[in-house]
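The values are calculated or read from the model by the stated rules, or taken from the named source; none is laboratory data. Bear in mind that the values here come from a model prediction, so they are computed numbers and not experimental data. Cβ placement follows ideal geometry from the backbone for every residue including glycine, while neighbour counts extend to all protein chains displayed. When the accessible area is computed, the model is the full protein with side chains, heavy atoms only, and any ligands, DNA or RNA have been set aside. Shrake-Rupley method; radii C 1.70, N 1.55, O 1.52, S 1.80 Å.
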Amino acid sequence: MHLDGPGQSDARRDRVSAVLERFELADVALGPIHPCPDGLQDYRHVVKVGFGRSDRGRIRVGAWARGNRDIVPIPGCLAAPEVLRRTMMSLAHHTIQLDVEPFEPETERGVLRSAVLRASRTTGEVMLTLVAARRTRKLAELAEEVARGVNQVVGAWLHINAGPGNAIFQRDGDGVMGVSALAGKDWIEETLNGTAYRIGPGDFFQTNPSVAEVLYARVVERLELAQGEPVLDLYCGVGGVALLAAKRTGFAIGVEEIEGAVNRARESARINRAPAEFICDGVLTALPDLQERLGGVGTKVVVDPARRGLEEGVLERIVALQPARIAYVSCNPDALARDLAHARSLGWRVQGEIELFDMFPNTAHVELLAILVPPDDHPPPKRRGPQRKLVR
Ligand SMILES: C[S@@+](CC[C@H](N)C(=O)[O-])C[C@H]1O[C@@H](n2cnc3c(N)ncnc32)[C@H](O)[C@@H]1O
């Protein structure tokens, strides 16, 4: 944060270059950073806050300190837009007023663990998800007070996480995250590139919608999508690129393991009239089933995995589809470089520049886009079109 915008961009490019070099990809070109259209502040549309106590036993609401679970109050956080700052302040104020006890992992006493606040850049609406070790009456009161104080809060939800560890949400074996209503509706809507995305409690959605808009547009452009080409969006969240691409080509399939996100993606397909189908499954297990429908027909594939990158075996299964090209979106340069090096070992080439996106200004993080193209001896796509099986 001691660097200005251009200084930060240089530092990120240097970091990505060093990682590429480490994976013997030094010959791959890096493009300039796409800047954040909103500037270096107020860009973070999702904020996760923790609850704890100060040394003197006072309730504290804020960010987790680096390296431990201490809570650092962040009332003036400049990364979040004003509406989220107000919501955080209101949440902190009413938590203290109502004396809602923070959960203490050592003794397992107390209630409130964390909260996730998401604001729509498009509508200004806010969704609040409280995470507690158990349900109490005070939690509903807390949600009502926050919604009363900040009228942009249109929905408040409760997720019970009684488990050990620091994960915010707990999901069952089917990826289902239990939530119950405290107040209002169960989604807010964000619009990127003219496509509306429904986002519910616990869903992943890009941190910085203005940069996500640029990123998605670049993915679609660099995939060189044409009418009639099938698109497969792996790790698609609430619809990501699949919805946008489906409008362009007439058919896309998204794969996502979290059931709630898949429901939202299907709902968004309906409201956007986008011919996209969504499969709720792990990518590794979904791919063999997709072989018959998408194998050899020149599918354009998008992957946007979590920080750990592609799980073992996923790249081989994608390559087995003989796709026409692959767009790889990543927030982790190390995982991206590892997977690109692996793709090279399978004969694939990194085409053109890796693009950088300033998704997280004032942090060391950066979002990346790389395009992979097949080996020269790749068989031409069969004429057969994708086999549709629209599930709505
Ligand atoms: C980085 S997010 C990207 C989401 C989406 N592409 C977007 O732009 O909003 C990764 C997504 O992959 C999902 N995910 C993680 N591991 C998965 C797996 N093995 N199979 C299917 N989905 C997975 C997560 O739930 C999350 O929604």
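Assorted remarks:
- Solvent-accessible surface of protein heavy atoms, probed at 1.4 angstrom with all chains present, puts Val19, Val176 in the order Val176, Val19, largest first.
- The Rg/Rh ratio for the chain is 0.98, where Rg is the radius of gyration of the alpha carbons and Rh is the Kirkwood radius.
- Taking the DSSP beta bridges with both ends in the chain, the antiparallel portion is around 60 percent.
- To the nearest ten degrees, helix 5-22 and the longest principal axis of the Cα atoms of the chain are 60 degrees apart.
- Helices in the chain, meaning DSSP H runs of at least 4 residues, each add -39500 (n - 2.57). Divided by all residues, the mean residue ellipticity at 222 nm is -9500 deg cm²/dmol.
- The angle between the Cα long axis of helix 209-222 and the main principal axis of the chain comes to about 10°, on a 0 to 90 degree scale.
- Rounded accessible area of Thr285 (nearest 10 Å², 1.4 Å probe): 80
- Volume per residue that the Cα convex hull of the range 46-191 spans, once the total is divided by residue count, Å³: 120
- Solvent accessible area, Å² - Arg22, 1.4 Å probe, full protein context: 150
- Each Cα pair under 8 Å and six or more residues apart adds its separation to the average, and for the range 201-252 the resulting relative contact order is 37 percent.
- Over the range 182-237, the pair-distance histogram of Cα-Cα distances with 5 Å bins from zero comes to 4, 14, 22, 24, 17, 10, 5, 2, 2 percent, rounded to whole numbers.
- Principal-axis tilt of helix 259-272 within the chain, Cα atoms, nearest 10 degrees: 70
- Peptides 158-165, 262-269 ranked from most to least packed by the mean count of surrounding Cβ atoms within 10 Å: 262-269, 158-165.
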